[in-house]
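See below for the structure under consideration.
No value in this document is a laboratory result; all are computed from the given coordinates. Treat the numbers as computed from the prediction; the structure is a model and nothing was measured. A quick note on method: Cβ atoms are made from the backbone with ideal geometry, for glycine too, and the neighbour counts reach across all protein chains shown.
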Amino acid sequence: MAKLTWRPALKVGTLTLLLLALGAAPGAIGADDSREPDLGDCQILKVEAGNKVHARAYAEGVQIYMWSGSSWTFIGPEAMLYDQDGDVVGIHYAGPTWESNSGSKVKAAVSERCTPNPDAIPWLLLKAVSSEGPGIFNGVTFIQRVNTTGGLAPAYAGDYPGEIVEVPYTADYYFYRAQ
């Protein structure tokens, strides 16, 4: 595996400005398709009865890690969110938080993990801890992260404590609301 080179992490403000510069229209993030993802052997990630898929988004970004001197510590994600047409509709960052172009946000906590692919970050079931603002993420109760690629911490040691690496990843996110 090639060693990743350090580059400063994008900041949420930078991502927000990029969204505005792209002129992506706020709106549904795949809201016309309420099918749940195929969880395969990861049925532990099934959302509680009474909740239904409200929106979907494809994420492309990085998982950020810092070398402690003895191991890589996860710092957080930074990713752009895309709808089914490929339009940028939001951002995902540490918290974990998902924020739409309209300003609605949801923060969540991991409830369950499943690792169907040892070469990618785990699939997750997350339970919302807060949501705010009008828009697609208002009232979200659960989030599933599935179909992940990449994003694992490096398998090699860092060069010095405090070294930062950004590891590319992709994922599909499914957002649920109580029905």
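So here's what we get for this one:
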read-out	value
Spatial separation of Cα centroids for the stretch 100-179 and the stretch 77-94, in angstrom	11
FRET efficiency, PHE74 to ALA49 (Cβ-Cβ, R0 41 Å, nearest 0.05)	0.85
Pairwise FRET efficiency - THR115 versus MET66, Cβ, R0 = 25 Å, nearest 0.05	0.65
Gain on full stretching of the segment that runs from GLU36 to ALA178 - 0.36 nm per residue minus C-alpha separation	49.7 nm
